[in-house]
1. Which of the residues spanning region 104-134 are of a type outside the set (A, V, I, L, M, F, W, C) and assigned to a helix (DSSP H, G or I)?
2. Please tell me if ALA115 is open to solvent by less than 40 Å² (accessible area, probe 1.4 Å), at positive phi and at pLDDT below 95.
3. Are any of the residues in region 22-38 closer than 24 Å to LYS86 by Cα, assigned to a helix (DSSP H, G or I), among the aromatic types (Phe, Trp, Tyr) and out of contact with any Pro (no Cβ under 7 Å at 6 or more places or on another chain)?
4. Give region 85-98 a look and list any residue that's open to solvent by 50 Å² or more (accessible area, probe 1.4 Å) and out of contact with any helix residue (DSSP H, G or I) (no Cβ under 8 Å at 6 or more places or on another chain), or say none.
5. Do we find a residue being under 19 Å from SER32 (Cα atoms), open to solvent by less than 100 Å² (accessible area, probe 1.4 Å) and either touching an Asp or Glu at 6+ places or on another chain (Cβ under 7 Å) or part of a loop (DSSP other than H, G, I, E, B) (or both) anywhere in region 60-77?
6. Out of THR107, THR123, which single residue is modelled with pLDDT of 90 or more, surrounded by 13 or more Cβ atoms within 10 Å (Cβ to Cβ), under 24 Å from VAL19 (Cα atoms) and of a type in the set (Val, Ile, Thr)?
7. Within region 37-52, does at least one residue satisfy the condition of being surrounded by 12 or more Cβ atoms within 10 Å (Cβ to Cβ) and either over 21 Å from ARG98 (Cβ atoms) or at pLDDT below 90 (or both)?
8. Among the residues of region 1-25, count how many are open to solvent by less than 60 Å² (accessible area, probe 1.4 Å) and more than 15 Å from the chain's Cα centre (by Cα).
Amino acid sequence: MWLSIQGVERVFIAKLLGVTFTSTLSFSEHVSQIISKCNQRSFLLRSLRWRGMKTEVLEAVFHALIISHILYAISACGWFIGALEKGRINSVLSRSMRFGYCTSVTTFENLLLKADKQLFRKTQSTEHCLNHLLPAVHETVCP
């Protein structure tokens, strides 16, 4: 049973800081929006390739337009994305390789692991705002 609070509208899909999620905390709508934007941007990449843009430059544009969009907030929601949605993102990535927008294929899982490693490495700095959430470092002495 849903409790209602007077003056507060119930929504089933919400967008917060660029991440869309549903009332059931599903990110399927977010992934659909990512796929849609990536497909639109792929059209731009195809136009640039057709006009003779060099492969190295095209790959830089691919990273700026598509990979950066997939990576946005990936550490926050990536582990909650289901296998079906991961497969849809992997299809976009493999299609990009086939169309020549990038020279090596990557997967959603690889992007997620890389982003998490970078975030953890950054949080280890004492100046980072999340550093206080990490457990204290215990130095072990080997005999």
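1. Residues satisfying the conditions are GLU109, ASN110, LYS114, ASP116, LYS117, GLN118, ARG121, LYS122, THR123, ASN131, HIS132.
2. Spelling it out, it is not the case that ALA115 is open to solvent by less than 40 Å² (accessible area, probe 1.4 Å), at positive phi and at pLDDT below 95.
3. No, region 22-38 has no match at all.
4. Selection gives SER91, MET97, ARG98.
5. So far as region 60-77 goes, yes, one or more of its residues are under 19 Å from SER32 (Cα atoms), open to solvent by less than 100 Å² (accessible area, probe 1.4 Å) and either touching an Asp or Glu at 6+ places or on another chain (Cβ under 7 Å) or part of a loop (DSSP other than H, G, I, E, B) (or both).
6. THR107
7. no
8. Summing the residues that are open to solvent by less than 60 Å² (accessible area, probe 1.4 Å) and more than 15 Å from the chain's Cα centre (by Cα) in region 1-25 gives 3.
The values are calculated or read from the model by the stated rules, or taken from the named source; none is laboratory data. Given the structure is predicted, the values throughout are model-derived calculations rather than measurements. Glycine also receives a Cβ, built like all others from the backbone with ideal geometry; neighbour counts cover every protein chain displayed. Note: accessible area is taken over every heavy atom of the protein model, side chains too, but ligands, DNA and RNA are not part of it. Shrake-Rupley method; radii C 1.70, N 1.55, O 1.52, S 1.80 Å.
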